[in-house]
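Inspection log for the structure reproduced underneath, given as structure tokens.
The values are calculated or read from the model by the stated rules, or taken from the named source; none is laboratory data. Everything numeric here is computed off the predicted structure, so don't read it as measured data. With ideal geometry, Cβ positions are generated from the backbone for all residues, glycine too; neighbour counts draw on all protein chains shown. The protein model used for the area step is the full one, side chains on, heavy atoms only, and it has no ligands, DNA or RNA in it. Shrake-Rupley method; radii C 1.70, N 1.55, O 1.52, S 1.80 Å.
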Amino acid sequence: MLTLTARWPLAGMVLPLVLAGCAAGSRPAASEDARATPTREYRLVDDLCDQLDPTPLTTLSGIPTTQTKYKPVRPESRHRSLSCGLSAVDRENAWVYSLQVTVSLDDAANPAEGKLTSRGAERTVTDLGDRALIHVAETLTLDNPVREGQKIQSQTGTIRVVEGRLGLQLSYSGHGGTAPAVVDAEALLTGYARQTLELLGG
């Protein structure tokens, strides 16, 4: 009788443990529940700068036309890349407004994200790629190196964006005479960055 009484409490402990183990084994692992969002696939667009909307630049110059220029891809480059420029010229006020675009598609083993480090003066832009950093410099007034006694003004800004294997850099510059248009360089750069991502992912 003593032996029988001692076994029943043990059996009562084992049964709940067995049931708990079965229940735990039936639950899906947390990693199975979390489904990663697929990374958008990007491609190089040969005529990228010709497809960009020139309006933000032509509005500044008052001239309804722009010029585009492409930089040849170096054959020894390890990664697929593209560089091009878009510019509008206001000859009357001696101003040039330009946008330089550089795109690179790294291989999967070397994602672009790992190469985007802050340069100190930059700040983060939210809701743009996996990560984006921007820097807009103050407008400078300088002596004209060509014409003595004349002043020129210069505006610059750069935004760098990464998304998956894609690395994107856009640089804006406006420089020339003493009657510059009022430019929201940050809005111009972020707008062109979003437009470029759409074209590359189309």
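Taking the criterion of being aliphatic (A, V, I, L, M), modelled with pLDDT under 90 and outside any strand (DSSP E or B), would at least one residue in the stretch 132-149 satisfy it? First the steps, then the outcome.
Taking the stretch 132-149 and keeping what is aliphatic (A, V, I, L, M), we get 132-134, 136-137, 140, 142, 146.
Restricting the remaining residues to those that are modelled with pLDDT under 90 gives 140, 142, 146.
Those still in the list that are outside any strand (DSSP E or B) too: 146.
Yes - at least one qualifying residue is present in the stretch 132-149.
Per this entry, residue 152 is counted among residues that are crowded, with 19+ Cβ neighbours inside 10 Å, farther than 24 Å from residue 103 by Cα and hydrophobic (A, V, I, L, M, F, W, C).
Considering the stretch 169-184, and only residues there that are at pLDDT below 95 and hydrophobic (A, V, I, L, M, F, W, C), the residue that is farthest from residue 81 (Cα to Cα) turns out to be 179. Answer with yes or no whether residue 138 is of a type in the set (Asp, Glu) and open to solvent by 60 Å² or more (accessible area, probe 1.4 Å). Yes; evaluated as a whole, the condition is true for this residue. Residue 202 meets all of the listed conditions (1) surrounded by 14 or more Cβ atoms within 10 Å (Cβ to Cβ); (2) within 28 Å of the chain's Cα centre (by Cα); (3) not aliphatic (A, V, I, L, M) but one, namely (1). Filtering the stretch 118-149 to residues that are under 28 Å from residue 164 (Cα atoms) and in contact (Cβ under 8 Å) with a residue 40 or more places away in the chain leaves 125, 128, 129, 132, 134, 136.
For the stretch 90-101, what are the residues that are open to solvent by less than 40 Å² (accessible area, probe 1.4 Å) and at pLDDT 90 or above? Lay out the reasoning, then the answer.
Initially, the stretch 90-101 is screened for residues open to solvent by less than 40 Å² (accessible area, probe 1.4 Å), giving 90, 95, 97-99, 101.
Hits for the stretch 90-101 are 97, 98, 99, 101.
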